[in-house]
Amino acid sequence: MPVVSRMSALIGLIFTTFLVMSGFSYIQRQEKKKIVFFGDSITQAGVMPTGYIDQMNKMLEGQNLAAKYELTGAGIGGNKIYDLYLRMDSDVIKKNPDIVVIYVGVNDVWHKSSSGTGTDPDKFVKFYNAVIQKLKANKISVILCTPAVIGERTDNSNMQDGDLNRYSFFIRNIAREQQLPLVDLRKAFIDYDLKNNPENKEMGILTTDRVHLNPSGNKLVMEEMWKEISKLR
């Protein structure tokens, strides 16, 4: 084969290889799922060291899955469900996520007694559904979470146990009616405390202050969320 022909063939091979590899890299980038965790101060702290988002990132790295997922926290302290609705365009939809994990409800219950600014049940359900519908309209997969605890006593003596159970019931119903994945943190935390809180302590098992999570609480949240996220691969 003449030198010119061999050179042309070699250049063609190199160019073809470049196109194939470029296309492969593009496909890899496209497959990376963007996940936004949408919530209150628990999620705001989730990006900090030992937070549940931080722990999930480390878990993904350890399993060689970090290249497949991009995790973003969109939590603001004190937020209730209507706060999420009001800021979802700028804080969530604008980021073009593939999956949004909604983790809210503690303040909707807690603030009813602490400051009188909680969320009434009918409004909670209305705004919760509105958040979901807007995410769905933007072709975003949605995962729901029940609120975990406001106090870790296992004998139903925490002041807000009744309301937390009630609002968790609302979220479970919404998940069932709309056929959405559910991370039942309320149940997971109760089950964990029943096994690991024999002294019926108010805090210190999964929380630092009855509400916000210690490393063990964050680990439990991470593990429960990952069970549902991994199904959407």
Just name the residue that is surrounded by the fewest Cβ atoms within 10 Å (Cβ to Cβ) out of those in region 118-159 that are part of a strand (DSSP E or B) and β-branched (V, I, T). V142
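Out of all the residues in region 96-144, which are of a type in the set (D, E, K, R) and either free of Cβ contacts under 8 Å to residues at least 24 places away in the same chain or closer than 16 Å to N165 by Cα (or both)? Walk me through how you get there before you give the answer.
At the first step, the residues of region 96-144 found to be of a type in the set (D, E, K, R) are 98, 108, 112, 120, 122-123, 126, 134, 136, 139.
D108, K112, D120, D122, K126, K136, K139, listed by residue number.
Given the structure, is L220 at pLDDT 95 or above, touching a Leu at 6+ places or on another chain (Cβ under 9 Å) and part of a loop (DSSP other than H, G, I, E, B)? Give the steps one after another, and end with the answer.
Values: at pLDDT 95 or above: yes; touching a Leu at 6+ places or on another chain (Cβ under 9 Å): yes; part of a loop (DSSP other than H, G, I, E, B): no.
Answer is no for this residue.
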Filtering region 29-63 down to residues that are under 23 Å from I140 (Cα atoms) and aliphatic (A, V, I, L, M) yields I35, V36, I42, V47, I53, M56, L60
Can you pull out the residues in region 100-117 that are surrounded by 20 or more Cβ atoms within 10 Å (Cβ to Cβ) and either in a loop (DSSP other than H, G, I, E, B) or in contact with a strand residue (DSSP E or B) (Cβ under 8 Å, 6 or more places away or on another chain) (or both)? V100, V101, I102, Y103, V104, G105
Only residues that are closer than 17 Å to V221 by Cβ and surrounded by 15 or more Cβ atoms within 10 Å (Cβ to Cβ): list them for region 176-196, please. P181, L182, V183, D184, L185, R186, K187, A188, F189, I190, Y192, D193
Show the residue pairs meeting these rules: Cβ distance below 7 Å; 6+ apart or different chains; first residue within region 150-166 and under 20 Å from G78 (Cα atoms) and in contact (Cβ under 8 Å) with a residue 24 or more places away in the chain; second residue of a type in the set (F, W, Y) and surrounded by 15 or more Cβ atoms within 10 Å (Cβ to Cβ). I150/W110; Q160/W110
Those residues of region 199-228 which are over 13 Å from the mean Cα position of the chain (by Cα) and of a type in the set (S, T, N, Q) amount to N200, T207, T208, N214, S216
Among (1) closer than 22 Å to I229 by Cβ; (2) out of contact with any helix residue (DSSP H, G or I) (no Cβ under 6 Å at 6 or more places or on another chain) - the single one K195 does not satisfy: (1)
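Quick one: which residue in G105, G46 is in the same structural domain as H212 (by TED's automatic domain parsing) and in contact with a Pro (Cβ under 6 Å, 6 or more places away or on another chain)? Show your work before the answer.
Details: G46 fails: in contact with a Pro (Cβ under 6 Å, 6 or more places away or on another chain).
Within the list G105, G46, the selection yields G105.
The values are calculated or read from the model by the stated rules, or taken from the named source; none is laboratory data. Just so it is clear, the model here is predicted, and its values are computed rather than measured. Note that we place each Cβ from the backbone using ideal geometry, even for glycine, and neighbour counts take in every protein chain shown.
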